[in-house]
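Engineer: Shown below is the structure under consideration.
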Amino acid sequence: MLPKFIVMTCKNREHWVEELKSQIPNLEISFDNFTDAGKFKNTSYKNFQQALQMAGDDACVQLEDDIILCNDFYNKILKSISERLDEVIQFFSMRKKDLTIGSRYESGGNFLMHQCFYLPKGMAKKLFDYSFEFEDMCKQDEHISPNDLVTQYYFKEQKIKYWIHIPNLVDHKIAKSMIDKRRSSKRQSFTFKD
């Protein structure tokens, strides 16, 4: 069975999602129309929880809307997933080791960047459940939107390693972050090939 493909987006980025929909069949959209951020300074965390909930127990590829896909992305990602059905796979990275070592396993405690990653069957549900425990552990306004952190903490706690796929199949667009305008717009892959 094919994994679900779920993209997180928000107002004023619908045109980016249309680009992705033209290349990813049956792409599901998790739209951030939340009005209450809860403990955090941004509603993106609620949107991430919603995207995980949409996956349920199914295997899934979680995407963010500010990405550029490589040529023949859909076939390439399905081939890569078929080789590691039961493992977490990261398809975007900005680590120098990407150039010196290439594809490799990394400790879950090092997980960063939600641009494009695969979760095997059952893991999205577990991460969704854990996201509420993580939220309870956080102090009020401690984080702007800790999407990457909740994933990192869960993988570390569960001792889950993940595979970094080189070359990266997506790149990060040069654009202002909707979560935090202070973030650099220059957060690109070292290995992406269009």
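Engineer: With the requirement that a residue be β-branched (Val, Ile, Thr), under 29 Å from residue 85 (Cβ atoms) and open to solvent by 10 Å² or more (accessible area, probe 1.4 Å), what does the range 1-59 give you?
Structural biologist: 29, the sole residue that qualifies.
Each row is one residue, and each column tells you yes or no for (1) touching a residue at least 40 places away in the same chain (Cβ under 8 Å); (2) acidic (Asp, Glu); (3) touching a Ser or Thr at 6+ places or on another chain (Cβ under 8 Å); (4) open to solvent by less than 40 Å² (accessible area, probe 1.4 Å).
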{"site": "75", "(1), (2), (3), (4)": "no, no, no, no"}
{"site": "111", "(1), (2), (3), (4)": "yes, no, yes, yes"}
{"site": "119", "(1), (2), (3), (4)": "yes, no, no, yes"}
{"site": "128", "(1), (2), (3), (4)": "yes, no, no, yes"}
{"site": "133", "(1), (2), (3), (4)": "no, yes, no, no"}
{"site": "150", "(1), (2), (3), (4)": "yes, no, yes, yes"}
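Engineer: Quick check: anything in the range 99-117 hydroxyl-bearing (Ser, Thr, Tyr), at pLDDT 95 or above and under 17 Å from residue 62 (Cβ atoms)?
Structural biologist: no
Engineer: Okay, next question. Residue 171 fails exactly one of the following numbered conditions: (1) assigned to a loop (DSSP other than H, G, I, E, B); (2) modelled with pLDDT of 95 or more; (3) open to solvent by 10 Å² or more (accessible area, probe 1.4 Å). What is the number of that condition?
Structural biologist: Among (1) assigned to a loop (DSSP other than H, G, I, E, B); (2) modelled with pLDDT of 95 or more; (3) open to solvent by 10 Å² or more (accessible area, probe 1.4 Å), residue 171 violates only (1).
Engineer: Here's another thing I want to ask about it. Testing residue 189 on (1) surrounded by fewer than 21 Cβ atoms within 10 Å (Cβ to Cβ); (2) part of a loop (DSSP other than H, G, I, E, B); (3) within 15 Å of the chain's Cα centre (by Cα); (4) at pLDDT below 90, one condition comes back false. Which one is that?
Structural biologist: It fails just one condition, (1).
Engineer: Do you know which residues across the range 80-92 are part of a loop (DSSP other than H, G, I, E, B) and either under 16 Å from the mean Cα position of the chain (by Cα) or at positive phi (or both)?
Structural biologist: Correct list: 87, 91, 92.
The values are calculated or read from the model by the stated rules, or taken from the named source; none is laboratory data. Predicted, not measured: the structure shown is a model, and the values here were computed from it. Because the Cβ atoms are built from the backbone with ideal geometry, glycine has one as well, and the counts that use them run over all protein chains shown. The area values use the complete protein model at the heavy-atom level, side chains included, leaving out ligands, DNA and RNA. Shrake-Rupley method; radii C 1.70, N 1.55, O 1.52, S 1.80 Å.
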